[in-house]
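Report on one structure; see the data block that follows.
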Amino acid sequence: MAAPLPRLRADLDIMPSPLPEQPGLIIRDPFRFSEVTLLIPPLLARCLGCFDGEQDAGDLSATLARLSGKVAVGDAARRLVSSLHEAGFLDDDRYAELRGAREQEFAARPERASAHAGSGYPSEIPALNETLRGYFDGKAPRKPNGKAKATAKAKAKAGDGLIGIAAPHVSPEGGRASYAAAYGALHKPANGDGPIFVVLGTSHYGEPDRFGLTRKPFATPFGTAPTQTALVDELCAGAGAAVTIEDYCHAVEHSIEFQVVFLQYLFGPRVRILPILCGAFSAGAEAGRLPETSDRVARFFGTLGEIAARRKRELCFVLGVDFAHVGRRYGDARAARAYEGPLAAVAERDDARVEHIAAGDAEGFWNRVMERGDDDLKWCGSSPIYTFLRAVPQARGRRLAYEQWNIDDASVVSFGAVAFSEEK
């Protein structure tokens, strides 16, 4: 009996090709274990289901022959297997080799190197300064679909007793108005080192119910922001199994990196940070379950909450979060346009969730997120937000901005800005 083909990795990014002249599926590795990007033609894309760990090469050839109406398909089938193998997209020895090398490389580095300079934002300091200055002074033009909602009154109040902000983690170019609204609420102290910024970012690739930590400082074109290792050690000691230390996800994740760039722009390259990646919560599989029904999640909330209460005068929280993800890129059948048609209802539902966030109502927020299993809105920020609400229960928010942005012609991301103060 022939051995089954290796399973196609479940953690790959697979999306339709945006190029009409080159149809098919684009496959890339979000972890960057592999730097290869493959374009799989439509016919071969229909054969990817054969890489389920159960079917063998004969099954693949039979499927390809049936779909193509040809008998001689052996070479095409072998090329598909070889391409996926060499790219590291199959769960086999090649993937294990690539993954091991990348993880060892990250562990050995003295710092967390910038992963998105040159793509998410300019890699040279003059250009980066000019870009960010444009965001804050409003001279950079918005795209036609950008309808940021922020008021001068809200911005003027945002500095009063500020204990944190929520900002997007979408591409800075797409979310410029909301980034500017959120970070415009921060005020640089007249003297001293400034606060330690506890940056809670969405972990797009981390394990559920786990929090990814690193002791490595964060390097960007501006310089190197030191991570507060004493606080990392305290979280490790108090939270136990909830923590993944030197989490490789930090090496590729953008949700914290973008926040560090903005903080360095405002507070200088040596801004002090505590970077925490928040994995998805498994609660929701059962109706009415809150994330802290997991013992390790509850333990992390408790430990972070103790630190926040004891050192609240030193800390400022920064949440790197997006809201809804709607459209074809995100698995929906219909194309989506910002603010149009069904996206008006999305804005209303986003608004209802933000109401709970602003009120400090963690349970009400989570119930809103889970009311439909979040399968339709697919909020990308629920875990950092809920973590903050549980660790800092006295926080109350003011909405500064809300936006929807077409990340491509058929897909929309929503996000916004919130400033948090302490309830007296």
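The values are calculated or read from the model by the stated rules, or taken from the named source; none is laboratory data. Bear in mind that the values here come from a model prediction, so they are computed numbers and not experimental data. Here Cβ is always computed from backbone atoms with ideal geometry, including for glycine, and neighbour counts include all displayed protein chains. Note: accessible area is taken over every heavy atom of the protein model, side chains too, but ligands, DNA and RNA are not part of it. Shrake-Rupley method; radii C 1.70, N 1.55, O 1.52, S 1.80 Å.
With helices as the sole contributors, the chain gives -10500 deg cm²/dmol at 222 nm; each DSSP H run of n ≥ 4 counts as -39500 (n - 2.57), and the sum is divided by every residue. Relative to the first principal axis of the alpha-carbon coordinates of the chain, what is the inclination of helix 382-391, with its axis defined by its Cα atoms, in degrees from 0 to 90 and to the nearest 10? Computed tilt is about 30 degrees.
Think of the chain as having a plus end and a minus end, set by charges on the Cβ of Lys, Arg, Asp and Glu; of Leu98, Leu80, Leu274, Leu274 sits farthest toward the positive end of this dipole. Taking the longest Cα principal axis of the chain as reference, the axis of helix 125-137 is set at about 60 degrees.
For segment 169-299, a simple Cβ point-charge model (Lys and Arg +1, Asp and Glu -1, everything else neutral) yields a dipole of about 380 debye relative to the Cα centre.
Where both partners of a DSSP beta bridge lie in the chain, what percent of those bridges are antiparallel, to the nearest 5?
Details: 35 of 58 bridges.
Around 60 percent antiparallel, to the nearest 5.
Among the lysines of the chain, pairs at least eight places apart or on separate chains and with Cα atoms under 25 Å apart come to 28.
Which of Phe388, Trp405, Gly373 sits closest to the plus end of the dipole of segment 352-406, meaning its Cα is farthest towards the positive end, when Lys and Arg get +1 and Asp and Glu get -1 on the C-beta? In segment 352-406, that residue is Phe388. The order of the peptides 114-124, 385-395, 244-254, 163-173 by mean Cβ neighbours within 10 Å, most packed first, is 163-173, 385-395, 244-254, 114-124. For the pair segment 354-424 / segment 108-128, the C-alpha centres are spaced 28 Å from each other. Placing pseudo-labels 7 Å out from each Cα toward the beta carbon at Asp374 and Gln394 gives an inter-label distance of 2.8 nm. Taking 8 Å as the Cα distance limit and 6 or more residues as the minimum spacing, I'd like the relative contact order of the chain as a percentage. Relative contact order comes out at 18 percent.
Give the shape of segment 193-250 as rounded, prolate or oblate, defined through the alpha-carbon gyration tensor: a ≥ b ≥ c are the square roots of its eigenvalues, a/c under 1.5 means rounded, and otherwise the shape is prolate if a/b is larger than b/c and oblate if not. Oblate, since a/c reaches 1.5 and b/c is not below a/b. Here the simple spin-label model places points 7 Å from the Cα toward Cβ, and for Asp13 and Glu314 these points are separated by 3.7 nm. Each Lys and Arg Cβ is given +1 and each Asp and Glu Cβ -1; about its Cα centre, segment 381-424 then shows a dipole of about 380 debye. Axis angle, to the nearest 10 degrees, between helix 295-310 and the longest C-alpha principal axis of the chain: 30 degrees.
With +1 on each Lys and Arg Cβ and -1 on each Asp and Glu Cβ, and nothing else charged, work out how big the dipole of the chain is about its Cα centre, in Debye to the nearest 20.
1360 debye
Separation of segment 276-335 and segment 226-263, taken as the distance between their Cα centroids, equals 14 angstrom. Once both labels are positioned 7 Å from their Cα atoms along Cα-to-Cβ, the gap between Thr293 and Glu306 label points is 2.6 nm. Kindly identify segment 201-336 as rounded, prolate or oblate by the Cα gyration tensor criterion: order the square roots of the eigenvalues as a ≥ b ≥ c, call it rounded if a/c is under 1.5, otherwise compare a/b with b/c, prolate if a/b is larger, else oblate. Oblate is the answer for segment 201-336, as a/c is 1.5 or above yet b/c matches or exceeds a/b. Using the 1.4 Å probe convention, the accessible area of segment 303-424 works out to 40 Å² per residue with neighbouring protein chains retained.
Ranking Ala166, Gly331, Ser294 by how far each Cα lies toward the positive end of the dipole of the chain (charges on Cβ) leaves Ala166 at the top. Overall shape: oblate for segment 231-280, with the ratio a/c of the largest to smallest alpha carbon gyration tensor axis at 1.5 or above and b/c at least equal to a/b.
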